[in-house]
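Notes for the one structure printed next.
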Amino acid sequence: MNAAMVENPASKGDLAKRLSSYWKMEGANVVILPAIMVALAGGQVGPLALFALVPMCGLLLVGTLYWRAKLAQLQGQDTLRPTLRTVKKWRRPLFIATILAVLGVIGALIEPGIARSRGDFWVAFAAALLAALEYVNYYHRQLQHFDHWADFTRLFSGRGFRKSQMRRDLERAGLA
């Protein structure tokens, strides 16, 4: 978080408002995205899709916990360090599950019988892709640039993708 944002009460209020929506949006997406995906597949999902949904939902839950802790930090509560320990603990299992989900989708491309149906394949594909993107977005580089104007303009400035906020916090806490 930018020191100038914390010092400026208007910016602090704006940041609090944005963080409040971030954690709620991530938390809602833990339920909403799988429901939409399964509905679009007509409920025709099997083990491939269900497995791929696990790391996607897990990473959305990590985002929920992290952004809630950042909001609490902004409000003077000290919950960030315990949250960072939790997200560090889940980093490896979520990475492995994401890799396995991606490999499952690749396997289904090679051997179509792996997927129970077309819907099963497409849900698995979307969930594995979103899990991989969320993993990078949280644990490595900020990929999301469309919800905040400063991030959006930075994306087109040629300065590349910066370290994610969670990554920087993990490094500062000695947990990276």
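Here's how it looks for Arg141: its modeled amide H is under 5 Å from those of Ser164, which are all 5 or more places away or on a different chain.
Could you work out how much longer the chain between Leu103 and Leu143 gets when fully extended? Use 0.36 nm per residue separation minus the Cα distance between them, nm to one decimal. My answer for the length gained is 12.2 nm. Using a probe of 1.4 angstrom and keeping all protein chains present, the accessible surface of segment 18-173 works out to 54 square angstrom per residue. Students often get this wrong: which residues of segment 51-68 have the backbone nitrogen under 17 Å from the point 7 angstrom along Cα-to-C-beta of Ser21? Only 64, 67-68 pass the distance filter.
Would you work out the Kirkwood radius for segment 66-114? I mean one over the mean of 1/r across all pairs of different Cα atoms, in Å.
Working: mean 1/r = 0.0764 Å⁻¹.
The Cα-based Kirkwood calculation yields 13.1 Å.
Label-to-label distance, Ala173 versus Leu133, with points set 7 angstrom from Cα along the beta-carbon direction: 2.6 nm.
Note down the net charge around Ala52, summing +1 for each Lys or Arg and -1 for each Asp or Glu among other residues with Cβ under 14 Å from its Cβ. Here the charged neighbours net out to -1.
Summing Lys and Arg as +1 and Asp and Glu as -1 over all other residues whose Cβ lies under 11 Å from the Cβ of Arg68 gives a net charge of +1. The lysines within cross-link reach of Lys12, meaning a Cα-to-Cα straight distance under 29 Å and a gap of 8 or more places when in the same chain, are Lys24, Lys70, Lys88, Lys163. The stretch between Ala72 and Leu40, if pulled fully straight at 0.36 nm per residue, gains 7.9 nm over its current Cα-Cα span.
The values are calculated or read from the model by the stated rules, or taken from the named source; none is laboratory data. All of these numbers come straight from a predicted model, not from anything done at the bench. Cβ sites come from the backbone with ideal geometry, for glycine too, and all protein chains shown count toward neighbours. These accessible areas exclude ligands, DNA and RNA; they are computed on the full protein's heavy atoms, side chains included. Shrake-Rupley method; radii C 1.70, N 1.55, O 1.52, S 1.80 Å.
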